[in-house]
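> This is the structure I want to talk about, given as structure tokens.
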Amino acid sequence: MPRFFVRDLPAGSEVELPPAESRHAARSRRLRVGDSLTISNGKGQTYECEIHRVEGSRVVVRVGQPVTDAPLRTIVVASAIPKGKRLGWMIQKLAELGVTEFVPVAFQRSVVRWSSAKSARMEKVAVEAAKQSDRSDLMTFGAEATPEELAGFGGPTYVAVRGADRTLAEASKGAAFARVVIGPEGGFAPGEAEILGATPVSLGRTVLRVETAAVAAAAILAQT
């Protein structure tokens, strides 16, 4: 069933989709009166709906029953930023895998830095990925953080380090919340991983690119 996002779901039996979502429904998906869809506010609140009116590019839906679709685990990926198009690929896959929040991290050896323009582009990527993967919540984006700032965040935190004694799956088993930190392509600067105060974990025997490590970690956390 097609999914659309209305960030501020108003009370009442009818809701007009936002302009971009209306255009997508009417023009791209070619939905018509009577077709079924779901609408979500991006925070897990979801309703089954039926298209009530289509007026040009305006789409009005009749709101039906609420749908329960709560994630089993809160997953936060805090990572260095990969170069070029690899960032968009990474964000797309993290959103598809159900990651709750992405936090960009500025390490000493980081080459690429976060920006408001990158954030805006990646938010669009995350919304499209959420629709494709049929998730009711949207992956959020935190402000760029340093390792020192990450160390002050609450909750279980794991850092991917080659050769760690335990795997991420073993270390995070049973936890309702998990934050995993992925370092830059040049590796952590001396003492930088220790600053995090996180539990070292292994993602396997090979050296992974930033985006591969982030997606691998998210896949592990989504299944354990």
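> If SER115 meets every condition in (1) in the same structural domain as ILE195 (by TED's automatic domain parsing); (2) surrounded by fewer than 16 Cβ atoms within 10 Å (Cβ to Cβ); (3) in contact (Cβ under 8 Å) with a residue 12 or more places away in the chain apart from one, which number is that one?
Among (1) in the same structural domain as ILE195 (by TED's automatic domain parsing); (2) surrounded by fewer than 16 Cβ atoms within 10 Å (Cβ to Cβ); (3) in contact (Cβ under 8 Å) with a residue 12 or more places away in the chain, SER115 violates only (3).
> Name the helices (runs of 4 or more DSSP H) wholly within the range 130-208 that hold at least 1 residues that are under 28 Å from SER116 (Cβ atoms), at pLDDT 95 or above and of a type in the set (A, V, I, L, M)? Explain how you work it out, then say what you get.
Working: elements: 147-150, 168-172, 192-195.
Fully inside the range 130-208 and qualifying: 147-150, 192-195.
For every residue, the table says whether it meets (1) among the hydrophobic types (A, V, I, L, M, F, W, C); (2) surrounded by 14 or more Cβ atoms within 10 Å (Cβ to Cβ).
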position: ALA129; (1), (2): yes, yes
position: GLN132; (1), (2): no, no
position: ALA145; (1), (2): yes, yes
position: GLY155; (1), (2): no, no
position: ALA164; (1), (2): yes, yes
position: ALA193; (1), (2): yes, yes
position: VAL207; (1), (2): yes, no
position: ALA214; (1), (2): yes, yes
position: ALA217; (1), (2): yes, yes
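> I would also like to ask the following. Here is a list: VAL103, VAL63. Which entry is surrounded by fewer than 22 Cβ atoms within 10 Å (Cβ to Cβ) and outside the structural domain of PHE177 (by TED's automatic domain parsing)?
Numbers: VAL103 fails: outside the structural domain of PHE177 (by TED's automatic domain parsing).
Answer to the selection: VAL63.
> On to the next question. Going through SER40, SER36, SER22 one at a time, which residue ends up being closer than 22 Å to ALA129 by Cα, crowded, with 17+ Cβ neighbours inside 10 Å, modelled with pLDDT of 90 or more and among the polar types (S, T, N, Q)?
Working: SER40 fails: modelled with pLDDT of 90 or more; SER36 fails: crowded, with 17+ Cβ neighbours inside 10 Å.
Answer to the selection: SER22.
The values are calculated or read from the model by the stated rules, or taken from the named source; none is laboratory data. The structure presented is a predicted model; accordingly, all values stated were derived computationally and were not measured. Neighbour counts run over all protein chains shown; Cβ positions are idealised from the backbone, glycine included.
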